[in-house]
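Computed from the coordinates by the stated procedures, all read-outs in this text should not be read as laboratory data. Predicted model only: the values in this text are computed from it and were never measured. Don't worry about glycine lacking a Cβ; one is built from the backbone with ideal geometry, like all the others, and counts go over all protein chains shown.
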Amino acid sequence: MRFPMGSSMLLLMLPLSLMRNSHESSSPVLSSVSNLNITETEKRCDIFSGKWIPHPEGPYYNNETCNLIIAFVGDSVGRNQMRSLLCLLNHVSQPEDISHRYSSDVAYFKRYFYADYNFTLGNLWSPYFVRANDADQNGHSYNSIMKLHLDEVDEAWASQVESFDIVIISAGHWFFRPVLYYENNQLVGCNKCGMENVTDFGHYYGYKKAFRLHLELL
């Protein structure tokens, strides 16, 4: 598959737990796919029968002109995916760690440059996609309550994402922890906060809002 010059691509990784627990009876996407009518031509098509046809103009990209930049944005799922890709690529080429050129927090914001292929691989840590900060008076812990501003993007990734050609986003299990939902700087609800006079919207509310804001920016 070939993509035109200057195009970008977005890949999503959705946690199975969120999909499995959905209250919707069926996915509209799956329903629409199942209702597609397969034409007679498609039935006769056999991708394993035929010959490769060379493209006389050559590839759109090569080692001199590609300059492709891929970013994994989100939580540890994306970070682990990037590390797996690094391991695979190490069999072919060794990258230069250029993280310090773009961030002072090189533990959570990584960039690797493959000079042999003019290719950059990056990881931007943002488990909620939106602006988040601690709300627990006892300090941060594994299960401490967090404030999520569902109408404000996390600038840690948003300020850099325009420089990437392909963005792979992942988020999920962080939304299961206790969180307070803020919109227009006003508390509108929560998930597992246990506070009086605060509506518990559950984790889907924040998850959908955060993803929608993220996708609108991209």
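Going by C-beta contacts inside 10 Å, put LYS208, LYS147 in order with the fewest on the left.
Working: LYS208 13, LYS147 18.
Final ranking by Cβ density, sparse to dense: LYS208, LYS147.
For the range 104-153 versus the range 168-193, the spacing of their alpha-carbon centroids is 15 Å.
Ignoring aspartates and glutamates fewer than eight residues from LYS192 along the same chain, the ones with Cα atoms less than 12 angstrom from its Cα are ASP200. Panel order for ILE169, ILE69, by other beta carbons found within 10 Å of each beta carbon, from fewest to most: ILE69, ILE169. The ranking of HIS100, HIS149, HIS91 from fewest to most other beta carbons within 10 Å of each one's beta carbon is HIS91, HIS100, HIS149. Rg/Rh for the range 160-218 (Cα atoms only, Rh after Kirkwood) is 1.07.
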